[in-house]
Amino acid sequence: MYTELKKLSERPKVFSVYTADTLWTDPHLANQMLQTHLSQDTALASRPIEAIDRVVDWIERSFGLDGASVCDLGCGPGLYANRYAKRGAIVHGLDFSCNSIDYARTHAPSNAGPVTYLVADYLKDPLPENQDLVTLIYCDLCPLSAVQRQTLLAKILQALAPGGKFIFDVFSTRAFEGINEGVVFGRNLMGGFWSANDYFAFQHTFRYDHEAVSLDHFTVIEKDRTWDVYNWLKHFSQEEIQRELKQAGFGSIEFTEGFGVDCSDETTFGVVASA
Ligand SMILES: C[S@@+](CC[C@H](N)C(=O)[O-])C[C@H]1O[C@@H](n2cnc3c(N)ncnc32)[C@H](O)[C@@H]1O
């Protein structure tokens with residue numbers, strides 16, 4: 001047991017494993033994530049509806065939505081995309097969770113701009129072209145490695161119409177300051193989140209100070225299988241995000257406090273980038 005415990009508490013190399021697809025697409029987890037998106041008691045997967053309304057107001061005020069082509073990447077259950085459509089945008093919502101896309105489709109507004117939902121992986125699949133706005137909201141660049149971030153940024157730049165804007169937010173280095181290393185162990189940890197079966201689970205939290213990356217490594221031990229989920233989060237300074245956007249070919253970069261969301265704790269910041 002000592003050898004096994006030693007192995008599962010080892011610090012992996014930064015961004016050496018990618019399991020985000022398990023987290024969002026395993027049937028039990030996808031359902032848990034959908035409930036987490038929709039819950040107004042936790043902001044783990046989506047912001048509360050009131051904050052989402054303020055973000056959409058801010059985007060409409062700043063860029064206009066009526067008649068605009070808008071692509072929401074990682075749209076989840078369509079909380080933003082359906083609101084863009086209600087304000088007259090021609091919307092594409094893209095996510096690799098079938099469960100979330102099903103929910104988004106069934107809740108698409110009638111008498112609104114057209115919404116096309118696509119089950120797709122934004123790292124691998126083609127993105128809709130000629131978009132006036134591309135949004136990637138709730139810090140979804142942060143779970144990606146440097147190589148994955150460059151892949152995605154280059155694809156987004158390609159997807160923008162002339163003058164189009166890429167609107168996104170990221171976790172800040174201030175948020176990184178608040179992360180502590182540690183380990184939590186429990187039976188049916190997180191209230192049965194990880195499996196419908198009985199299980200034991202470890203959560204090892206690591207900091208990678210040099211890279212400003214954190215990792216929550218979950219090991220889930222069920223009767224018949226043991227499996228792992230690695231939740232990486234890169235935290236950015238404004239200089240770093242600027243460097244990465246420039247490297248991907250973006251020319252104009254502006255920072256915003258948070259698209260109308262209260263960011264006074266400075267744990268996230270918003271960015272608007274264009275060619
Ligand atoms: C933190 S949630 C945010 C969802 C939505 N933007 C919101 O704020 O309500 C991240 C979303 O991105 C999706 N996602 C993560 N990686 C993806 C990928 N490579 N391709 C497509 N969707 C992805 C997940 O399925 C999930 O719905």
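What follows is calculated from the coordinates using simple rules that are stated; it is not laboratory data. Everything numeric here is computed off the predicted structure, so don't read it as measured data. Here Cβ is always computed from backbone atoms with ideal geometry, including for glycine, and neighbour counts include all displayed protein chains.
For region 10-86, restrict the atom set to alpha-carbon positions and state the Rg and Dmax in Å.
Computed over the Cα atoms of region 10-86, radius of gyration and Dmax are 15.8, 52 Å.
So for 107, 92, fewest C-beta neighbours within 10 Å to most, what's the order?
Listing 107, 92 from fewest to most nearby Cβ atoms yields 107, 92.
How big is the antiparallel share of DSSP beta bridges in the chain, given as a percent to the nearest 5?
Roughly 65 percent of the DSSP beta bridges within the chain come out antiparallel.
If each residue of separation counts as 0.36 nm, what is the full-extension length gain between residue 209 and residue 240 once their alpha-carbon separation is subtracted?
9.7 nm
Would you please name the trypsin sites (Lys or Arg not before Pro) within region 61-132 that are DSSP coil residues with at most 12 other C-beta atoms within 10 Å of their C-beta?
Hits after loop and neighbour filter: 124.
Which whole-number value in Å³ per residue fits the convex hull of the alpha carbons of the chain?
Dividing the Cα hull volume of the chain by its residue count gives 127 Å³.
Quote the convex hull volume per residue of region 163-270, based on C-alpha atoms, as a whole number of Å³.
Cα-based convex hull of region 163-270, divided per residue, equals 157 Å³.
In the chain, what is the count of Lys pairs whose alpha carbons are under 30 Å apart, counting only pairs at least 8 residues apart or on separate chains?
For the chain, the number of qualifying lysine pairs is 22.
Taking the Cβ of each residue in 53, 95, 72 as the centre, tally the other Cβ atoms inside 10 Å and list the residues starting with the fewest.
The order, fewest Cβ neighbours first, is 53, 95, 72.
If I take every Cα pair under 8 Å that is 6 or more residues apart in the chain, average their sequence separation and divide by the length, what percent do I get for the relative contact order?
Relative CO of the chain lands at 17 percent.
Using all alpha carbons of region 1-136, what is the percent of pairwise distances in each 5 Å bin, ordered from the shortest bin to the longest?
Using 5 Å bins, I get a P(r) of 2, 10, 17, 20, 18, 13, 8, 5, 3, 3, 2, 1, 0 for region 1-136.
For 106, 205, 135, 268, what's the fewest-to-most ordering of other Cβ within 10 Å of each Cβ?
Placing the least packed residue first, the sequence is 106, 205, 268, 135.
When N counts the residues of region 148-215, how does its alpha-carbon radius of gyration compare numerically with 2.2 N^0.38 Å, as a ratio?
1.69
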